[in-house]
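Structure first, commentary second.
Rule-based calculations on the coordinates, nothing more; no lab input. In this text the structure is predicted, and so the values were computed from the model without any measurement. FYI the Cβ positions are ideal-geometry reconstructions off the backbone, even for glycines, and counts take in every protein chain you see.
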Amino acid sequence: MRRAAFEGTAIRDLRMSMPPQHASRWLAACGALLAAAAVALSAYASHGVAAELQPHLQLAAVFAFGHGVALAALARGSLRRLAWVALLALLAGTVLFAGGLAVAQLYGVRARVAPFGGVLLIAGWLLYAVDTSRK
């Protein structure tokens with residue numbers, strides 16, 4: 001009886017530490033939006049800007065698309081807390097990195113937030129690797 005009560009408490013505590021299901025759907029939707037924005041940015045880079053701006057905007061589009069697709073795929077289903085934090089880091093990192101590159105090129109300013117975005121991307125992938133290596 002005591003063991004069953006303990007196991008029930010442990011399972012309930014584990015469920016309480018997981019993000020709600022709608023948070024996973026929200027992350028997946030953000031990933032899809034990033035991928036869509038990346039396609040639009042790539043088209044704009046190909047047809048709407050000077051040739052010298054194209055490589056930087058295409059790089060931003062590649063990062064946004066790749067991480068958007070990853071978010072859309074990895075966020076599906078139930079996530080443990082660490083995976084959820086990792087995917088949030090990927091979302092924030094993508095916005096800062098790709099967004100920073102795009103804004104810098106379009107407005108002629110320095111990409112000051114891009115390095116922070118890159119660090120978040122690296123940290124997010126490392127956290128996700130740690131989470132997936134756990135049982």
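Computed across the chain, the Kirkwood radius stands at 16.1 Å (inverse of mean 1/r, all Cα pairs).
The 3J(HN,Hα) values that the Karplus relation (6.51, -1.76, 1.60; θ = phi - 60°) gives for the range 118-131 are, in residue order, x, 5, 5, 5, 4, 4, x, 5, 5, 4, 5, 4, 4, 4 Hz. Gly and Pro appear as x.
From its DSSP helices (H runs of at least four residues, each -39,500 (n - 2.57)), the chain gives a residue-normalised ellipticity at 222 nm of -28500 deg cm²/dmol. Overall, the range 20-133 carries a charge dipole of about 280 debye about its Cα centre when +1 sits on the Cβ of Lys and Arg and -1 on the Cβ of Asp and Glu, all other atoms neutral. For SER24, the shell of other residues with beta-carbons less than 13 Å away shows a net charge of +4, using +1 for Lys and Arg and -1 for Asp and Glu. Computed from Cα positions, the angle between helix 54-74 and the longest principal axis of the chain comes to roughly 20 degrees.
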